[in-house]
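Take a look at the structure set out below.
The values are calculated or read from the model by the stated rules, or taken from the named source; none is laboratory data. Note that this is a predicted model, so its numbers are computed, not measured. Using ideal geometry, Cβ is built from the backbone for each residue, glycine included, and neighbour counts are taken over all protein chains shown.
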Amino acid sequence: MTLSLELSELATEIAREAGELARRRRDEGVRLAATKSTLADIVTEADREVEALIRDRIREARAGDGFLGEETGAELGESGITWVVDPIDGTVNYAYGIPAYNVSIAAVSGNPEPESWEALAAAVNAPAVGEIFTAALGHGAWLAGNRLAVTGETPAGALLATGFGYDPATHADDLATVSRVMPMARDLRRMGAAALDLAYVAAGRIDGYFERGLRPWDHAAGELLVREAGGAVSWIDSSATRPMLIAGGREVHAKLHAILTEKR
Ligand code: LIP
């Protein structure tokens, strides 16, 4: 079995267990643990508990691997593999009881930097809806035994998704970006969970996705899902404080890239 398949199986097994814990804690009632960059940027006790479970399971299975988690930060390993984890992506949805949240786990090789790592395996578990999206480098992206594929041409306009950051000061610029892309769209979806947005692009449920300011754990797994489903993912303004990620089938990705790099 190739390393990417082995890591994908482990990621899936851990994401399944972690997702069940997240769902149970949601049913029991969510408790706010702290706020981070702004009052709107929350972390729940479940975020911390789920990340601790994922960290323990990875350490049990692959002690020498590195770890980069949203809630506990980075820990260098010596194996050349790093696990990039968002224990509950869609935290605000989770806190409000909106079922659009997920556990996002990726295994990457090389430097644990998004600019240079190679994603080998991904698992995005949406436990409230019973869906686990998985991918292994070179072996496709999958959901419930079905191979995933991005969409192609969008003659009726593209169904796009985006997200906004927690800092209200960035919302005007994000809304201006929405205005720029709407002429190519049939409609817009705002799920509030980047890994789900990317998983839905991979599954052909969304034609394209764009968002500024994502953190490594928001996109690490979802990017591999899109690429293994035949799609394209790239970054605009990568040196900016809030670089823009765009993803989609090749046609939609090219249109988004042309619009969002057009000089104004
Ligand atoms: C969230 C992303 C979402 C983005 C939010 C936040 P979190 O991640 O999934 O796409 O719009 O600002 O970054 O905080 O729920 O893990």
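Checking Val150 against (1) hydrophobic (A, V, I, L, M, F, W, C); (2) away from the ligand (no atom under 16 Å from the Cβ); (3) buried (at least 20 other Cβ atoms within 10 Å of the Cβ); (4) in a helix (DSSP H, G or I), which single condition isn't satisfied?
It fails just one condition, (4).
Among the residues of region 214-241, count how many are within 14 Å of the ligand (Cβ to nearest atom), touching an Asp or Glu at 6+ places or on another chain (Cβ under 9 Å) and either without any contact (Cβ under 8 Å) to a residue 60 or more places away in the chain or not assigned by TED's automatic domain parsing to the domain that holds Gly163 (or both).
0
Scan Ala11, Ala74, Ala33 and give me the residue that is touching a residue at least 24 places away in the same chain (Cβ under 8 Å) and over 16 Å from the mean Cα position of the chain (by Cα).
After ruling out the rest, the residue left standing is Ala74.
Only one of these is within 13 Å of the ligand (Cβ to nearest atom), within 20 Å of Ala126 (Cα to Cα), without any contact (Cβ under 8 Å) to a residue 40 or more places away in the chain and touching a Phe, Trp or Tyr at 6+ places or on another chain (Cβ under 9 Å): Tyr200, Tyr209. Name it.
Exactly one residue qualifies, and that residue is Tyr200.
If you take the residues in region 229-264 that are assigned to a helix (DSSP H, G or I) and of a type in the set (A, V, I, L, M), which one is surrounded by the fewest Cβ atoms within 10 Å (Cβ to Cβ)?
Step by step, filter region 229-264, then rank; the result is Ala258.
Among the residues in region 189-196, are any surrounded by fewer than 19 Cβ atoms within 10 Å (Cβ to Cβ) and not in a loop (DSSP other than H, G, I, E, B)?
Yes, some residue in region 189-196 is surrounded by fewer than 19 Cβ atoms within 10 Å (Cβ to Cβ) and not in a loop (DSSP other than H, G, I, E, B).
Can you confirm whether Thr44 is in contact with a Phe, Trp or Tyr (Cβ under 8 Å, 6 or more places away or on another chain) and within 16 Å of the ligand (Cβ to nearest atom)?
It is true that Thr44 is in contact with a Phe, Trp or Tyr (Cβ under 8 Å, 6 or more places away or on another chain) and within 16 Å of the ligand (Cβ to nearest atom).
Can you pull out the strands (runs of 3 or more DSSP E) entirely within region 52-100 that have at least 2 residues that are in contact with a Ser or Thr (Cβ under 7 Å, 6 or more places away or on another chain)?
66-69, 81-89
Within the group Arg24, Arg48, Arg31, Arg55, which residue is touching a strand residue (DSSP E or B) at 6+ places or on another chain (Cβ under 8 Å), basic (Lys, Arg) and surrounded by fewer than 13 Cβ atoms within 10 Å (Cβ to Cβ)?
Result: Arg31 is the single residue among Arg24, Arg48, Arg31, Arg55 that is touching a strand residue (DSSP E or B) at 6+ places or on another chain (Cβ under 8 Å), basic (Lys, Arg) and surrounded by fewer than 13 Cβ atoms within 10 Å (Cβ to Cβ).
State which residue is nearest to the ligand (Cβ to nearest atom) when the search covers only region 163-177 and only residues that are outside any helix (DSSP H, G or I) and in contact with a helix residue (DSSP H, G or I) (Cβ under 8 Å, 6 or more places away or on another chain).
Among residues in region 163-177 that are outside any helix (DSSP H, G or I) and in contact with a helix residue (DSSP H, G or I) (Cβ under 8 Å, 6 or more places away or on another chain), the one nearest to the ligand (Cβ to nearest atom) is Gly163.
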